[in-house]
Amino acid sequence: MGDFIHLKTVDSTNDYIKRNIEEFDNFTAVFSQTQTKGKGRLGRQWQSNDDNISLSVLFKNQIGEISLFPLICGLVVCEVIDEFCNTNTYIKWPNDVILNQKKLCGILCESVICANNMNVICGIGVNVNSTKDSFLKNDLTYATSLKIETGKSFDRIKLSKLIANRLIEKICLFNTEGFEKLKLEYEKKLINTKRQVKIIKHDKEIIATCIGIADDGNLLCELNSEIIKINSGEASVRGLYGYI
Ligand code: BTN
């Protein structure tokens, strides 16, 4: 475990690490009680409040395939939440954590090159104690929280420390042993497998059947008896009749 920094408020925990990257050691984790400018994937905003987890963990001098980091983060969040909160979560490719068909957690990994070294910031937002009202007020109809689904409140700091520690363990394992074993664990949690998915790229939509992921983390789908690969930076995926 590296340092665990606890902030009251910040614009974005990812940006906070970016600004201090030279001073921070490998495995530094930053937790903030709120974020004023939380960032989501594909340039979207991420709503953060005092009920949820806003956490970023820094991995310095990485040489492995960094496109796999978001998938590993998703797997770690699933594992920790299932163990700690007694839930049965899944992953919607590439890295949304799903509980009872709704989004519980979003992940944004960013890379920063410093003095020729590749550093990765893993940003994790988990909805912990939010109420239904707070999501509806922000029009987030497909979002949920641990509190909504289990009826219980959870300690955000405890959960954040568990997630940060497990993530450090798993990234170290990935760096020494590669993705093979983690891929099998990931595919067990992937909710899209064998389901029809709507692939949205620019303003085009294709419907295909998900069959799993490739070794590089891209989504594999079957379309007219052909296997196609979907890259998470280029396309997003939805279910046919809703979010999943
Ligand atoms: C998404 O689903 O679009 C990704 C959301 C990622 C949110 C987390 S909260 C902690 C970290 N700091 C940010 O600004 N974003 C990530």
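Below are the figures for this structure:
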item: Net +/- balance of residues flanking residue 140 in space, Cβ distance below 12 Å, scoring K and R +1, D and E -1; result: +3
item: Point-to-point label distance, residue 152-residue 6, nm (Cα→Cβ direction, 7 Å offset); result: 2.1 nm
item: Principal semi-axes in Å for the chain [√(5λ), Cα gyration tensor, largest first]; result: 26, 23, 17
item: Helical segments meeting 18 Å axial Cα length and Kyte-Doolittle 1.0 threshold in the chain (DSSP H); result: 69-85
item: Charge tally in the Cβ shell below 10 Å around residue 244, where Lys, Arg are +1 and Asp, Glu are -1, residue 244 excluded; result: +4
item: Computed E for residue 49/residue 194 - FRET, C-beta separation, R0 35 angstrom, nearest 0.05; result: 0.45
item: Mean residue ellipticity (222 nm) of the chain, computed from DSSP H runs ≥ 4 via -39,500 (n - 2.57), nearest 500; result: -8500 deg cm²/dmol
item: Solvent-accessible area, 1.4 Å probe, carbon plus sulfur percent, for the chain; result: 47 percent
item: Formal net charge of residues neighbouring residue 208 (Cβ-Cβ distance under 13 Å; K, R +1; D, E -1); result: +4
item: In nm, spacing of pseudo-spin labels at residue 203 and residue 137 (7 Å Cα→C-beta vector); result: 3.5 nm
item: Under Karplus coefficients 6.51, -1.76 and 1.60, residue-wise ³J(HN,Hα) of segment 99-104 in Hz, glycine/proline x; result: 10, 6, 6, 10, 7, 9
item: Distance between segment 73-113 and segment 1-48 - C-alpha centres, whole angstrom; result: 18 Å
item: Built amide H within the under 5 Å cut-off of residue 39, gap 5+; result: 46
item: Lysine-lysine proximity count for segment 86-191, Cα under 15 Å, sequence distance 8 or more or distinct chains; result: 17
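The values are calculated or read from the model by the stated rules, or taken from the named source; none is laboratory data. Keep in mind that what you see is a predicted model, and the values were worked out from it rather than measured. Cβ: placed from backbone, ideal geometry, glycine included. Neighbour counts: every protein chain shown. Side chains are part of the model used for accessible areas, which takes the heavy atoms of the whole protein and leaves out ligands, DNA and RNA. Shrake-Rupley method; radii C 1.70, N 1.55, O 1.52, S 1.80 Å.
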